[in-house]
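Below: the structure, in structure tokens.
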Amino acid sequence: MTSVPDKAQLSSREDMINAALTYPAGLKIGSFVKVDSPMAPDAYRYENGQLMAGPGCTFSPTCDHMKTQRIPSLSGITHRVIAVDEELGVVALRMNFGPGSLFQGNGELDVWHSYKIYGGLIQGAEAYCKVVPSGTKSGWE
């Protein structure tokens with residue numbers, strides 16, 4: 001996230017935000033392919049420090065390619081853009097995955113995602129995830 005892409009590879013603020021927003025859109029319908037999320041072939045995702053998608057991923061049989069991996073459909077997902085760094089090509093989103101987002105137990109998954117975007121593609125994603133009580137507000141309502 002801290003590497004500085006060549007200026008020629010950086011997208012406009014609006015284009016970076018639009019690329020990042022394909023992520024919650026894909027989660028909403030259960031497919032990054034269907035929303036045509038602009039992910040690099042070697043894009044990766046870390047969650048709480050663990051590789052969950054991309055080259056070398058062993059979390060699930062389909063996780064070695066972030067765009068085509070199997071993902072849940074999260075119809076109750078909410079999201080908000082919280083920061084954009086135009087010089088580093090980073091967009092940060094706060095998401096709540098909504099009801100049914102946990103495999104077991106009560107609550108919902110609250111996620112802070114940062115996306116590295118340059119060359120018009122999501123190159124990587126890093127997330128911090130935490131279980132919160134159902135109905136937890138973001139604080140920006």
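Values computed for the structure shown
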{"quantity": "Scan of segment 124-133 for residues that are closer than 18 Å to residue 27 by Cα and either aliphatic (A, V, I, L, M) or surrounded by 21 or more Cβ atoms within 10 Å (Cβ to Cβ) (or both), ordered by number", "calculated": "124, 125, 127, 131"}
{"quantity": "Pair list, Cβ under 6 Å, 6 or more apart: segment 22-41 residue in contact (Cβ under 8 Å) with a residue 24 or more places away in the chain, other residue outside any loop (DSSP other than H, G, I, E, B) and among the hydroxyl-bearing types (Ser, Thr, Tyr)", "calculated": "37/22"}
{"quantity": "Identity of the residue in segment 61-95, of a type in the set (Gly, Ala, Ser), out of contact with any Phe, Trp or Tyr (no Cβ under 6 Å at 6 or more places or on another chain) and surrounded by 12 or more Cβ atoms within 10 Å (Cβ to Cβ), that ends up nearest to residue 111 (Cα to Cα)", "calculated": "92"}
{"quantity": "Filter pass, residue 35 being of a type in the set (A, V, I, L, M) and touching a helix residue (DSSP H, G or I) at 6+ places or on another chain (Cβ under 6 Å)", "calculated": "yes"}
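Conditions (1) modelled with pLDDT of 95 or more; (2) of a type outside the set (A, V, I, L, M, F, W, C); (3) surrounded by 14 or more Cβ atoms within 10 Å (Cβ to Cβ); (4) closer than 17 Å to residue 43 by Cβ, marked per residue:
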residue: 98; (1), (2), (3), (4): no, yes, yes, no
residue: 110; (1), (2), (3), (4): no, yes, yes, no
residue: 120; (1), (2), (3), (4): yes, yes, no, yes
residue: 140; (1), (2), (3), (4): no, no, no, no
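Condition check ((1) closer than 19 Å to residue 16 by Cβ; (2) free of Cβ contacts under 8 Å to residues at least 40 places away in the same chain) across all residues:
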site	(1), (2)
43	yes, no
63	no, yes
98	no, yes
112	yes, yes
124	yes, no
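The values are calculated or read from the model by the stated rules, or taken from the named source; none is laboratory data. Remember, predicted model here, so these are calculated numbers, not experimental data. Heads up, the Cβs are rebuilt from the backbone with ideal geometry, glycines too, and the neighbour counts pull from every protein chain shown.
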